[in-house]
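Enquirer: Before we start, here is the structure in question, set down as structure tokens.
The values are calculated or read from the model by the stated rules, or taken from the named source; none is laboratory data. Predicted model only: the values in this text are computed from it and were never measured. Note: ideal-geometry Cβ built from the backbone for every residue, glycine included; neighbour counts use all protein chains shown.
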């Protein structure tokens, strides 16, 4: 019997990434999948006020921080929650407020630097000859992230998009795209487009029923795709004082799993819908995400003789 660990949506959180890397040691898994939405979404300036004092706004609060260990600790805390930090002066902040192109360029360099460092951390701590390692981008990730991951293929980290990857001897097909969201992220497509993409990659399998579907978008109409309903200004809709939840996953993913009945469906994207469900006889899972709180969520999946025998959630 072999075990894989599947987790998603780290969004740049250093603390979660470090925990991921300890999973083979703690749980004795044979495969480690780190899939979807790897990079952070914000950059936090830490502004020099002079006389050894800095200011920053994060965690919904203005912080006054002394240079030295206190500043280092705050910077680490912000990075652990998924953001990127930039120490700078007041003049630099004013310059960047009027130059969004420069902000984007700085942010992209930070994203690439962190991804490169994270990939090196994998190889420092895990032997790809003993553990299958797969790192996959998601809909929020810029296309340049793919180049970083692919540059580590010859060092044992598997690239899973566009073809068939073997995990614990089982064939797996993967998809980073999701159905349209209110945020217009880089990797979105219509349901018609997703259906075509899924058909193309599933067509590369000899027997889809004996494969793993690793699709970042969760299947529509399950326990994996419930998220707060949003109004036109992207604010949650409330009913009788309670946030109203609706199904936001992909119908194309649901249809594909209903048709092909793979061994298991691995999904993410919707942070609030941590859990598992079934489509026909196929178990489908979404670990969910609480990256901002530094919580690692994941599923351990046991596979024996080409059959999923068990799956359970771990977090901490």
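Enquirer: So is residue 205 assigned to a loop (DSSP other than H, G, I, E, B) and touching a strand residue (DSSP E or B) at 6+ places or on another chain (Cβ under 8 Å) or not?
Expert: yes
Enquirer: Still on this model: Within the set of pairs 6 or more residues apart or between chains, which connect a residue that is within 19 Å of residue 48 (Cβ to Cβ) inside region 92-106 to a residue that is modelled with pLDDT of 95 or more and loosely packed, with under 13 Cβ neighbours inside 10 Å with Cβ atoms less than 7 Å apart?
Expert: Going by the 7 Å Cβ cut-off, the qualifying pairs are 96/102.
Enquirer: Another question, if that's okay. Within region 50-57, does at least one residue satisfy the condition of being within 22 Å of residue 114 (Cα to Cα) and under 28 Å from the mean Cα position of the chain (by Cα)?
Expert: yes
Enquirer: I'd like the residue in region 127-136 that is over 11 Å from residue 115 (Cα atoms) and under 16 Å from the mean Cα position of the chain (by Cα) and, out of all such residues, is surrounded by the most Cβ atoms within 10 Å (Cβ to Cβ).
Expert: Of everything passing the filter in region 127-136, 136 is surrounded by the most Cβ atoms within 10 Å (Cβ to Cβ).
Enquirer: So how many residues does region 22-57 have that are out of contact with any strand residue (DSSP E or B) (no Cβ under 8 Å at 6 or more places or on another chain), over 16 Å from residue 312 (Cβ atoms) and assigned to a helix (DSSP H, G or I)?
Expert: Adding up the residues that qualify gives 2.
Enquirer: Considering each residue of region 58-78, count those that are touching a residue at least 60 places away in the same chain (Cβ under 8 Å) and either touching a strand residue (DSSP E or B) at 6+ places or on another chain (Cβ under 6 Å) or buried (at least 19 other Cβ atoms within 10 Å of the Cβ) (or both), and give that number.
Expert: 0
Enquirer: Quick check on region 218-234. Is at least one of its residues surrounded by fewer than 14 Cβ atoms within 10 Å (Cβ to Cβ), under 19 Å from residue 38 (Cα atoms) and free of Cβ contacts under 8 Å to residues at least 40 places away in the same chain?
Expert: no
Enquirer: Could you name every one of the strands (runs of 3 or more DSSP E) located completely within region 77-192 that has at least 1 residues being in contact with a helix residue (DSSP H, G or I) (Cβ under 6 Å, 6 or more places away or on another chain) and at pLDDT 95 or above?
Expert: Of the strands (runs of 3 or more DSSP E) lying wholly inside region 77-192, those with at least 1 residues that are in contact with a helix residue (DSSP H, G or I) (Cβ under 6 Å, 6 or more places away or on another chain) and at pLDDT 95 or above span 84-89, 132-136, 170-175.
Enquirer: Collect the residues in region 235-255 that are under 23 Å from residue 5 (Cα atoms) and either crowded, with 24+ Cβ neighbours inside 10 Å or outside the structural domain of residue 165 (by TED's automatic domain parsing) (or both), keeping them in residue-number order.
Expert: Answer for region 235-255, where residues must be under 23 Å from residue 5 (Cα atoms) and either crowded, with 24+ Cβ neighbours inside 10 Å or outside the structural domain of residue 165 (by TED's automatic domain parsing) (or both): 249, 253.
Enquirer: Considering 29, 44, which residue is within 28 Å of residue 213 (Cα to Cα) and modelled with pLDDT of 95 or more?
Expert: Unique residue meeting the criteria: 29.
Enquirer: To continue, here is another question. Anything in region 116-126 that is out of contact with any strand residue (DSSP E or B) (no Cβ under 9 Å at 6 or more places or on another chain) and touching a residue at least 24 places away in the same chain (Cβ under 8 Å)? List them, or say none.
Expert: The answer is 116, 121, 125.
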